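Participant: One structure, pasted below without further comment.
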Ligand code: ATP
Ligand code: MG
């Protein structure tokens, strides 16, 4: 069946990205909640139709680790894209990590980290999802980062926003204000100048493996892995990625203001992350190797209560939000 706007009843806004807004909607004919992404593009109707056609292959992207696609349509110069609504939101939201684009820069807010067992389950799901895209649809994701990993309260972990439409990617790239911060070194190095052609050749599926490793450290620590000094200095950040040592998963995460729990990470987990964050893409691990690594073998052999963990994390987010509202109210009444 075809989805169109008249069937949709708007609910709350779920978030805003660089290119559009995501809203929760109710699809009346089926009574299914969906997430609708609106992407504004200045394109001719025929180009928009081309994008809708390319998006059609998403109907084949059916896997437990991939967010389900329901359909897309255009209105004027906007593409609307309807997908499965994930009721716990993206990983950054679950963990309380705020990444706010500010005038081309960033300000990273500390969140909480995930314990190793949860980390293993998230890593395993992400690898299986990425491997599915590669093996079954012959595509790479191109935008692996915590905001593109969604969770449900039932504990499932799924990927969204992968680069299925070359035409959509191209049109978006032009308006992108940049936050290339999960990009692998070879992707950054090649974006300008003489390296461009070379990077075009070497930029492959292993670039997603880098982004995966970086995302996993972020989930473990509750913050973006590169030093806070680079959050508002894109140049320094890119410099650190290309010329610095790759980030590592530490042995332990010390308690922080936002996360009083001390967490230990095993040698296996640390080695797994290291295999993702090898600067030379030719030496980086493959999905098959990552799945057979002791870190993910251990994940397959144990039960992980993701439901309780998600509920706990979302409860802490709600408590924080309430505290913030209360503080705001106090400030307001003081100034009156
Ligand atoms: P970028 O624009 O760089 O891709 P982003 O991924 O944060 O950043 P969007 O893809 O527009 O931007 O998504 C905005 C927010 O909406 C996400 O961070 C996520 O929290 C929320 N979101 C997106 N898709 C869904 C979904 N299917 N279910 C629930 N929440 C979603
Ligand atoms: Mg996204």
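The values are calculated or read from the model by the stated rules, or taken from the named source; none is laboratory data. Treat the numbers as computed from the prediction; the structure is a model and nothing was measured. Heads up, the Cβs are rebuilt from the backbone with ideal geometry, glycines too, and the neighbour counts pull from every protein chain shown.
Participant: Please find, within region 13-28, the residue that is nearest to residue 90 (Cα to Cα) out of those that are in contact (Cβ under 8 Å) with a residue 24 or more places away in the chain and more than 6 Å from ligand 1 (Cβ to nearest atom).
Facilitator: Restricting to residues being in contact (Cβ under 8 Å) with a residue 24 or more places away in the chain and more than 6 Å from ligand 1 (Cβ to nearest atom), the top hit is 24.
Participant: Does region 33-52 hold any residues that are more than 24 Å from the chain's Cα centre (by Cα) and surrounded by 12 or more Cβ atoms within 10 Å (Cβ to Cβ), and which are they?
Facilitator: Hits for region 33-52 are 43, 47, 48, 49, 50.
Participant: Right, another one. Select from region 1-20 the residues that are exposed (fewer than 15 other Cβ atoms within 10 Å of the Cβ), within 16 Å of ligand 2 (Cβ to nearest atom) and at pLDDT 95 or above and list them in ascending order.
Facilitator: Within region 1-20, just 13 meets the criteria.
Participant: Considering only region 117-143, state which residues are touching a helix residue (DSSP H, G or I) at 6+ places or on another chain (Cβ under 9 Å), away from ligand 1 (no atom under 11 Å from the Cβ) and assigned to a loop (DSSP other than H, G, I, E, B).
Facilitator: 139, 140, 141
Participant: Before we move on, is residue 49 within 14 Å of residue 78 (Cβ to Cβ) and modelled with pLDDT under 95?
Facilitator: yes
Participant: Condition first: within 16 Å of ligand 2 (Cβ to nearest atom), at pLDDT below 95, in contact with a strand residue (DSSP E or B) (Cβ under 8 Å, 6 or more places away or on another chain) and more than 21 Å from residue 90 (Cα to Cα). Can you find one or more residues in region 150-170 that meet it?
Facilitator: The answer is yes; a qualifying residue exists.
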